[in-house]
Amino acid sequence: MKLSIVIPVYKNKELLMANLKHNYQFLKRYEIILVDDASRVGIKEEVRKIFPSIIIVEHTVNTGFSQTVN
C-alpha cells in the first residue's frame, strides 16, 4: 500500500519550514505533496531547495482549504 501525505499551506512559510525540518526524517519514505494555495511568499523555492523530493502543487488563486486538500 502506498501512502501519500498532503500538506496544505497558505502563507505561513516559517511554520511550514520548521515543521518540515523537524518531521521530514519520519516522513521521507512516503510521498509528500505540498499544496501551495497561492501564497506568493516564496514557499515553493525554499521547499525545492531543501526538500527536492517533495511534490509541489501550486494554485494560481486561493481556492480555500476544502479544495486544497481534495
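The values are calculated or read from the model by the stated rules, or taken from the named source; none is laboratory data. Because the structure is predicted, anything quoted here is derived from the model rather than measured. Cβ sites come from the backbone with ideal geometry, for glycine too, and all protein chains shown count toward neighbours. The area values use the complete protein model at the heavy-atom level, side chains included, leaving out ligands, DNA and RNA. Shrake-Rupley method; radii C 1.70, N 1.55, O 1.52, S 1.80 Å.
Considering only DSSP beta bridges whose two residues both sit in the chain, what percent are antiparallel, to the nearest 5? Walk me through the numbers before you get to the answer.
Values: 0 of 11 bridges.
Counting DSSP beta bridges with both partners in the chain, the antiparallel share is about 0 percent.
How large a share of the accessible area of the chain, in percent, is made up of carbon and sulfur atoms when the probe is 1.4 Å and the other protein chains stay in place? All intermediate terms of the calculation are to be shown ahead of the outcome.
On the way: 2680 of 4860 Å².
Carbon and sulfur atoms account for 55 percent of the accessible area of the chain.
Once the whole set of protein chains is in place, how much accessible area is left on residue 46, using a 1.4 Å probe, in Å² to the nearest 10?
Using a 1.4 Å probe on the heavy atoms, I get roughly 50 Å².
Residue 63: net charge of surrounding residues, Cβ under 12 Å, Lys/Arg +1, Asp/Glu -1, itself excluded?
Details: positive: none; negative: 36, 37, 58.
Net of charged neighbours comes to -3.
Over the chain, average the accessible area per residue using a 1.4 Å probe and give it in Å², no decimals. List each step's numbers first, then the result.
Values: 4860 Å² over 70 residues.
I get 69 Å² per residue for the chain.
To one decimal place, what Kirkwood hydrodynamic radius in Å is obtained for the chain from all pairs of distinct Cα atoms? Present the calculation step by step, with values, prior to reporting the outcome.
Numbers: mean 1/r = 0.0812 Å⁻¹.
By the Kirkwood definition, the hydrodynamic radius is 12.3 Å.
Which distance in nm do the two modelled labels at residue 19 and residue 67 give, with both placed 7 Å along the Cα-to-Cβ direction?
Going by the 7 Å Cα→Cβ label model, 2.1 nm.
Remind me, relative contact order of the chain in percent, using alpha carbon pairs under 8 angstrom and six or more residues apart? All intermediate terms of the calculation are to be shown ahead of the outcome.
Numbers: 89 pairs, mean separation 26.4, N = 70.
After rounding, I find 38 percent.
Can you tally the net charge around residue 50? Count Lys and Arg as +1, Asp and Glu as -1, for every other residue whose Cβ sits under 14 Å from the Cβ of residue 50.
Once positives and negatives cancel, what remains is +3.
With θ taken as phi - 60° and the coefficients 6.51, -1.76 and 1.60, list the Karplus ³J(HN,Hα) couplings across segment 55-70 in order, rounded to whole Hz; mark glycine and proline as x.
7, 10, 10, 10, 8, 8, 10, 5, 9, x, 4, 4, 6, 5, 8, 10
Could you check the spin-label model distance between residue 29 and residue 45? Points 7 Å from the Cα along Cα→Cβ, value in nm.
For the pair residue 29/residue 45, the computed spacing is 3.5 nm.
Quick one: putting +1 on the C-beta of Lys and Arg, -1 on the C-beta of Asp and Glu, what dipole do you get for the chain around its Cα centre, in Debye to the nearest 20?
Numbers: 10 positive and 7 negative charges, 46 e Å.
Taking the Cα centre of the chain as origin, the dipole is about 220 debye.
Hey, what number do you get for the chain at 222 nm if only DSSP H runs of n ≥ 4 count, each worth -39500 (n - 2.57), divided across all residues, to the nearest 500?
Values: 3 runs with 28 residues, N = 70.
When only DSSP H runs of four or more count, the value is -11500 deg cm²/dmol.
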